[in-house]
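Derivation of every value follows stated rules applied to the coordinates shown; laboratory data play no part. Treat the numbers as computed from the prediction; the structure is a model and nothing was measured. Don't worry about glycine lacking a Cβ; one is built from the backbone with ideal geometry, like all the others, and counts go over all protein chains shown.
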Amino acid sequence: MKFFKIVYKRGDRRGSLVLEAKNRIEAIEEFLKKEIGVLIHIREISEPLSVKIKRLAEKITNPIRNKQVDMERLIAILEQLSVMLDAGLPLNFALSEVVKNEKDPMLKAIFENILSDIESGKSLYEAVRRYKKQLGTITVSMIRLGEETGQLAEELGHLANVLQEILDNRRKFKKATRYPIFLIVAMVVAFVVVIVLVIPQFESFFKESNLELPLPTKFLLWVEHAAIEYGPFILIGSFIVMVIISYLYMKNERVRIFLDKMMLKIYILGQATYYAMISRFFYIFKVLHDAGIPMIEAINIALEIVDNSYLRKKLKRIVVAISEGKSLYQGFEETGLFENMIVQMIRSGEIGGGLSRMLEKANKIYKDRFDYIVSNIATLIEPVLIAAIAGFVLTLALGIFLPMWNIVEVTG
């Protein structure tokens, strides 16, 4: 949109106003509709300061933020909608009841806008799609599925169950990682304290000994020097690097795919992410397949809930393979993501007519693997933590005591 300043005359008096329009002609038409005088002059101007201030104020006061909504509250809303629609109540009435009773400002504003869009003639999917960032890809995809299959109430119920499962898994994951994170933070704090406060006390003593310092001691002295002399620069540099990486991740697809691929290689976290994404993919694909959605369309919708861009790119190979006339199991095989057992299950289901049952089994396999990792994360991380603590203690012990033993040997 552009801004135009119009100077007009009404009787003996002159006036001016600023209009927002796509082009000069539209601005003139808008002015003529107002019937406030005779147009004398019109020119395009930059966005007025008052408009900028107004837009900024609206952005600040707008309860709809560029972040995900409270999932627990969203689940409650979806369950309410599912029950009311299943009882035969109209969608706009069900939404109005949800809006009336909702206390969360962001969710209330979102569903007020969704209700307004529906009453103006839009479908629920079209109205919800605007809030993909806030409500999540899986929410938009399941609502689309519900409208296309005519089973909106049932799919909203399924969606609530899926989101509840995701929420429960997140809580389990946080609870399981709380103790390891506490240990890691404690180790880092202890290391910083030793480097900043303890090592300097020994530094002058080591230098006065005129002995060749062992490698662990040199390493500790180097770390101490770097932390004291360049600590602020290291922190600022690290922050700048994180900002740049975050920006490139958001804007550059190649960087995003590369980083998401590296994410999958992280010990435990990568496996948990992989199993969670693939499990959701199989679940949505099965539901869509059972609803009679065409194969390629079902896979494309299921791909929307895969947040990892590297996995999504690999899984798109299934669609390409089917488009090339290949079978479904060949598409799964060409992704390189699935073990032979899963590919053979898909092949068996495709040939024998039991694809839905095989998709359900594949979903269960990956879901069980994810649950196992989440339930045993403390046990799985324990060897890494023990090794890290041992390395930390050994480095400090060797760095401090080796020079002392050398001095004792020389003086003895």
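Here are the numbers for the structure shown:
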quantity: Taking the C-alpha atoms of the range 269-375, convex hull volume expressed per residue in Å³; calculated: 90
quantity: Alpha carbon centroid spacing (whole Å) that separates the range 342-356 from the range 2-36; calculated: 67
quantity: Segment residue 133-residue 255, length gained on full extension (0.36 nm per residue, minus Cα span); calculated: 41.9 nm
quantity: Alpha-carbon Debye profile of the chain, log10 I(q)/I(0) at 0.07, 0.14 Å⁻¹; calculated: -0.59, -1.29
quantity: Potential extension, residue 296-residue 228 segment - 0.36 nm per residue separation minus Cα distance; calculated: 18.6 nm
quantity: The range 2-61: Rg to Rh, with Rh as the Kirkwood radius over Cα pairs; calculated: 1.05
quantity: Range in the chain, longest, excluding exposed trypsin sites (Lys or Arg not before Pro) [loop by DSSP; at most 15 other beta-carbon atoms within 10 Å]; calculated: 123-264
quantity: For the range 262-324, the Rg and Dmax computed from alpha carbons only, in angstrom; calculated: 12.4, 39
quantity: Mean Kyte hydropathy of 1.6 or more with a Cα span along the axis of at least 20 Å, helices from DSSP in the chain; calculated: 377-411
quantity: Pairwise FRET efficiency - residue 83 versus residue 384, Cβ, R0 = 41 Å, nearest 0.05; calculated: 0.35
quantity: Cβ-Cβ FRET estimate between residue 166 and residue 10, R0 fixed at 56 Å, reported to 0.05; calculated: 0.35
quantity: Neighbourhood charge, 9 Å Cβ-Cβ cut-off, centred on residue 7 and excluding it, Lys, Arg +1 and Asp, Glu -1; calculated: +4
quantity: Virtual spin-label span in nm between residue 50 and residue 72, 7 Å along Cα→Cβ; calculated: 4.6
quantity: Theoretical gain in end-to-end length, residue 42 to residue 243 [0.36 nm per residue, Cα-Cα removed]; calculated: 68.0 nm
quantity: Within the range 312-397, GluC sites (Glu not before Pro) in DSSP loop having at most 13 other beta-carbon neighbours inside 10 Å; calculated: 324, 339
quantity: The range 296-412, relative contact order [Cα under 8 Å, separation at least 6], %; calculated: 12
quantity: The chain: relative contact order in percent, alpha carbon pairs under 8 Å with at least 6 residues between; calculated: 14
quantity: Mean-position separation - Cα centroids, the range 267-322 and the range 133-208, in angstrom; calculated: 22
quantity: Share of alpha-carbon pairs per 5 Å distance bin for the range 140-275, given as whole %; calculated: 2, 7, 9, 10, 11, 13, 13, 10, 7, 5, 4, 3, 2, 2, 1, 1, 0
quantity: Cβ-defined net charge surrounding residue 19, 13 Å radius [Lys, Arg +1; Asp, Glu -1]; calculated: +1
quantity: Neighbourhood net charge (15 Å Cβ-Cβ; Lys/Arg +1, Asp/Glu -1) for residue 96; calculated: -3
quantity: Estimated inter-spin distance, residue 193 and residue 267, nm [label 7 Å along Cα→Cβ]; calculated: 2.5
